[in-house]
Amino acid sequence: MTHATASLMRPPFPAERGVDAHNLKLGMWVFLASEVMFFTALIGSYVILRFGAPGEWAKPGVVLNIPVTAFNTFLLICSSVSMVKAFAAISDGDQKMLKVWLLVTIIGGAMFVGIQAYEYTHLIHRGFLPSGVREGSELAELVANGTLPAATMGLYGSTFYAMTGFHGFHVTCGVVAMAYLYLFRVRRGKYSQQDYRGIEAVGLYWHFVDLVWIILFTIVYLI
């Protein structure tokens, strides 16, 4: 038997598919490791600046709308659950439920970004800027009467928008990635019970941004 004939009679690349899946998962874990270092540096800088800053730090409830953000956090956690459901569906070979749960995840992520944009708009309208408090605004009056500390508001604004903004960017990237998979892969039946590498990779990423937000919500909005 010639080498060419043997190649034609070989099964359809099960070993190669396993190697590709392993490489894709490994690549995603390496990428997430770099993201862990990025957010660790960002959060660590916030902690050092906050507790090392002279004077008091603004109480989150005075500036930030905690109930709205708590709902947004719940929404992101629910989208993480629906991502698990999507992965479980394709693991069972259920194409229909994969489409349903992935679409639910996309909608949840898009709503999170939309609510965060609304939060930014509301905060800027009240006078909370990355540079601090805008003169003549509602929050400027709170600074004037001593409700908010004048010395640390600039630091508070810059760290708040940097951390939540970078996270919002990551969520947006995740929504775009899932939308691409849904439109050009999932709807065309490109994934199966034997090959669901893309869903697994984007699922890992989505759980990561969910976990990071829980940490950010705790230290920025609640402490």
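Just so it is clear, none of the values below were taken in a lab; they were calculated from the coordinates. Computed from a predicted structure; not experimentally measured. Methodologically, a virtual Cβ is constructed for each residue, glycine included, from the backbone with ideal geometry; neighbour enumeration extends over all protein chains shown.
Quote the relative contact order of the chain in percent (integer), defining contacts as alpha-carbon pairs under 8 Å separated by 6+ residues.
Relative CO of the chain lands at 30 percent.
Against the empirical 2.2 N^0.38 Å scaling, what ratio does the C-alpha Rg of segment 112-223 come to?
1.46
Output wanted: per-residue J couplings in Hz (rounded whole) for segment 189-198, from phi through Karplus 6.51 cos²θ - 1.76 cosθ + 1.60, θ = phi - 60°, x for Gly and Pro.
Along segment 189-198, the couplings run x, 6, 9, 8, 5, 8, 9, 9, 4, x Hz.
Can you list the residues, at least 5 places off or on another chain, whose amide H is less than 5 Å from the amide H of Leu129, using H built in the peptide plane?
Hits under the 5 Å cutoff: Arg134.
Among [x] 42, 36, 31; [y] 46, 39, 39; [z] 89, 32, 22, only one was calculated for this model; which label is it, if the read-out is Cα extents along the principal axes in Å?
The value matching this structure is [z].
For Arg187, enumerate residues with amide H under 5 Å from its amide H, sequence gap 5+ or separate chain, H modeled in the peptide plane.
none
Can you compute 3J(HN,Hα) from phi for each residue in segment 66-80, using the Karplus curve 6.51 cos²θ - 1.76 cosθ + 1.60 with θ = phi - 60°, rounded to whole Hz and x for Gly and Pro?
Result, rounded to whole Hz: 5, x, 5, 6, 5, 5, 5, 5, 4, 5, 5, 5, 4, 5, 5.
Can you work out ³J(HN,Hα) from phi for every residue in segment 27-37, in order, using Karplus 6.51 cos²θ - 1.76 cosθ + 1.60 and θ = phi - 60°, giving whole Hz and x for Gly and Pro?
With the stated coefficients, segment 27-37 comes to x, 5, 5, 5, 4, 5, 5, 5, 5, 4, 5 Hz.
Let me have the 222 nm mean residue ellipticity of the chain computed from DSSP H runs of 4+ only, each contributing -39500 (n - 2.57), with the sum over all residues rounded to the nearest 500.
-25500 deg cm²/dmol
About its Cα centre, what dipole magnitude does the chain give when the only charges are +1 on Lys and Arg Cβ and -1 on Asp and Glu Cβ, stated in debye to the nearest 20?
680
On a straight-distance basis, which lysines could pair with Lys25 in a cross-link, Cα separation under 26 angstrom, same-chain partners fewer than 8 positions away excluded?
Hits, sequence-local ones excluded: Lys85, Lys96, Lys99, Lys190.
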